[in-house]
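J.: One structure, as structure tokens, below. Some questions next.
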Amino acid sequence: MPEVIFTGPAGRLEGRYHPAKQKNAPIAMVLHPHPQFHGTMNHQIIYQCYYAFAHRGFSVLRFNFRGVGRSQGSFDHGTGELSDAASALDWAQTINPEARACWVAGFSFGAWIGMQLLMRRPEVEGFISIAPPANLYDFSFLAPCPSSGLIVHGEKDAVVPPKDVNTLVEKLKTQKGIVIDQQIIPGANHFFDGKLEPLMETVTGYLDMRLANVR
């Protein structure tokens, strides 16, 4: 799991990168939760998603947003962090010029950034959005949502009430040409305390289903 440093818009960004063995392997990028609430690339959910992609033959990158860990800069309320994510994807694509596809995954704040990146990068063909904060941030930019993906959240989420996620999903499901898979983890809170296993079973099950259709 090589440590990597690459250039972002506000200075150096620190990441971890797992190169795939195959030259034309797909790329995946995993985005961490809110930098001001202990969100880092070493968050357990980010770490587990990173390895879920790695074990399925992806070249995977996770990194710290500006001002987190050894990444330079300071918190920018989402605007700068979106630029960081775009730079990170640029870096991953430069190293993998033959990559046949790209996926973005994110948890909470990272899910919001990931969905915005999706709108700007047509090469992103799949997403995994874990506990997207539909009540805290505006998701109306998903008009239309360009890719199919998984939205998974906890039944007992007190930070992002399930009804707000349901409203977002219903809006996305009216769009033609994409499929939004919504999964609710019974008994889980926003942080999936004690529910990491069912969360990851849902994530990996979705990934395996999508990858089976590609091969």
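The values are calculated or read from the model by the stated rules, or taken from the named source; none is laboratory data. Being a predicted model, the structure only gives us computed values, none of them experimental. Here Cβ is always computed from backbone atoms with ideal geometry, including for glycine, and neighbour counts include all displayed protein chains. Accessible surface is based on the protein model in full, side chains and every heavy atom, while ligands, DNA and RNA are left aside. Shrake-Rupley method; radii C 1.70, N 1.55, O 1.52, S 1.80 Å.
J.: Please go through the stretch 163-178 and pick out each residue that is in contact with a strand residue (DSSP E or B) (Cβ under 6 Å, 6 or more places away or on another chain), open to solvent by 10 Å² or more (accessible area, probe 1.4 Å) and either at pLDDT 95 or above or not in a helix (DSSP H, G or I) (or both).
T.: Hit for the stretch 163-178 is 178, nothing else.
J.: Output yes when any residue across the stretch 141-157 is among the aromatic types (Phe, Trp, Tyr) and crowded, with 17+ Cβ neighbours inside 10 Å, and no when none is.
T.: No, the stretch 141-157 has no match at all.
J.: Something else about it: Please go through the stretch 40-88 and give me each residue that is assigned to a loop (DSSP other than H, G, I, E, B), closer than 29 Å to residue 211 by Cα and either open to solvent by less than 10 Å² (accessible area, probe 1.4 Å) or not basic (Lys, Arg) (or both), ordered by number.
T.: Selection gives 40, 41, 42, 43, 55, 57, 58, 64, 65.
J.: Output the residues belonging to the stretch 100-117 that are at pLDDT 95 or above and more than 18 Å from residue 77 (Cα to Cα).
T.: Hits for the stretch 100-117 are 102, 103, 104, 105.
J.: Can I ask one more? Considering 106, 126, 114, 154, which residue is touching a Lys or Arg at 6+ places or on another chain (Cβ under 8 Å) and either under 20 Å from residue 66 (Cβ atoms) or in contact (Cβ under 8 Å) with a residue 60 or more places away in the chain (or both)?
T.: 126
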